[in-house]
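Working notes, structure below.
The values are calculated or read from the model by the stated rules, or taken from the named source; none is laboratory data. Since the model is a prediction, treat every value here as computed from it, not as a measurement. When we count neighbours, we look across all protein chains shown, and the Cβ atoms used for this are built from the backbone with ideal geometry, even at glycine.
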Amino acid sequence: MSATTASRPGVLYVVATPIGNLGDLSPRAQETLRQVAAICAEDTRHTRQLLAHFGIEQALLALHEHNEDELADRLVARLQAGESLALVSDAGTPLVSDPGFRLVRAARAAGVRVSPVPGPSALIAALSVAGLPSDRFVFEGFLPAKAGARRDRLAALAGETRTLLFYESAHRIAETLADCVVAFGAARRAVLARELTKLFETVLDGSLAELQARVDADPNQRKGEFVLLLEGVGEDADAKVAEGRRLYAKLSAHLPPSAAAKLAAELSGAPRKALYGGGE
Ligand code: SAM
């Protein structure tokens with residue numbers, strides 16, 4: 001790897017960093033971070049601490065959602081001039097609910113090589129231990145902060161057959177679980193992966209109602225960082241009922257309940273009786 005080869009364009013290395021346990025920074029990630037001309041970091045203080053742990057001294061540039069557009073062109077010019085750069089976020093893989101998308105897109109559009117140095121990501125770490133179907137899954141990132149928008153998003157996902165993954169923070173986990181019970185039914189199988197690779201790592205599994213009860217009863221289970229996973233609905237009867245409930249929720253805003261239920265049942269193929277009540 002050459003940091004300053006004027007004759008050839010540099011490489012933008014997208015480097016994953018630990019999500020808790022510093023031992024997860026790979027040897028290749030360490031080598032890359034040492035050798036590039038500079039590191040673009042979401043929070044330079046945070047990254048400096050990580051680098052200090054590994055005895056790495058490097059130039060750091062702050063690249064976050066507020067300055068990424070403005071900075072991308074200048075960084076691409078440096079890459080084109082032959083400098084190699086690394087992109088990191090505070091934890092895990094850049095671009096996964098983190099900055100970097102605009103820089104990567106600009107670099108690729110300019111014909112600059114963008115190369116991954118893969119490693120930790122909370123979503124894959126959670127999926128790997130959840131024991132839920134993992135051949136096909138959907139990552140939904142963070143749900144909207146506002147209750148109405150969050151509930152709408154969840155209602156739109158009620159018929160999803162693939163495993164669903166969400167990122168969630170400590171101050172909203174209880175509310176999100178309550179909203180999930182309404183959207184997906186109390187019996188839906190779920191996993192809550194908390195503080196992965198850290199001292200208080202816990203992976204809870206059970207029905208949504210069981211997880212909600214555990215989290216409501218124990219304040220420690222509301223601390224830290226979370227990945228929430230939900231099993232998808234079965235392809236057949238469950239999917240029809242979920243779709244029927246989604247349609248019923250929309251239609252009942254405009255029609256009397258009985259007419260909304262009749263129409264939702266016809267459109268979804270679910271039994272009309274199953275569309276009242278919301279539970280499973
Ligand atoms: N780019 C990161 C990645 O690849 O996982 C994700 C960044 S996003 C801003 C931070 C969110 O990821 C947290 O709010 C939490 O939902 C999830 N997360 C990060 N670290 C985690 C951990 N150690 N255990 C569980 N979830 C974690």
*HIS66 in a helix (DSSP H, G or I) and within 16 Å of the ligand (Cβ to nearest atom)*: no
*asked:* Regarding the stretch 86-102, can at least one residue be identified that is more than 30 Å from LEU230 (Cα to Cα) and away from the ligand (no atom under 16 Å from the Cβ)?
replied: no
*Among the candidates ALA183, ALA158, single out the residue that is in a loop (DSSP other than H, G, I, E, B), within 20 Å of LYS240 (Cα to Cα) and either of a type outside the set (Ser, Thr, Tyr) or assigned by TED's automatic domain parsing to the domain that holds LEU95 (or both).*
ALA158
*In the stretch 190-245, which residue that is in a helix (DSSP H, G or I) and of a type in the set (Lys, Arg) is farthest from the ligand (Cβ to nearest atom)?*
LYS240
*Collect the residues in the stretch 130-152 that are surrounded by 16 or more Cβ atoms within 10 Å (Cβ to Cβ) and within 15 Å of the ligand (Cβ to nearest atom), keeping them in residue-number order.*
ALA130, PHE137, PHE139, GLU140, LEU143, ARG150
*Of the residues ALA178, ALA253, which single one is on the phi < 0 side of the Ramachandran plot and free of Cβ contacts under 8 Å to residues at least 12 places away in the same chain?*
ALA253
*Restricting attention to the stretch 58-71, does a residue exist that is surrounded by fewer than 12 Cβ atoms within 10 Å (Cβ to Cβ), among the charged types (D, E, K, R) and modelled with pLDDT of 95 or more?*
no
*Taking the stretch 69-116 only, how many residues are within 23 Å of the chain's Cα centre (by Cα) and not in a helix (DSSP H, G or I)?*
18
*asked:* With the structure loaded, tell me whether LEU60 is touching an Asp or Glu at 6+ places or on another chain (Cβ under 9 Å), over 30 Å from THR163 (Cβ atoms) and not small (Gly, Ala, Ser) or whether it fails that test.
replied: no
*Among the residues of the stretch 170-218, how many are of a type in the set (Asp, Glu) and out of contact with any Leu (no Cβ under 9 Å at 6 or more places or on another chain)?*
4
_Please go through the stretch 33-48 and give me each residue that is closer than 11 Å to THR17 by Cβ, in a helix (DSSP H, G or I) and out of contact with any helix residue (DSSP H, G or I) (no Cβ under 8 Å at 6 or more places or on another chain), ordered by number._
HIS46, THR47
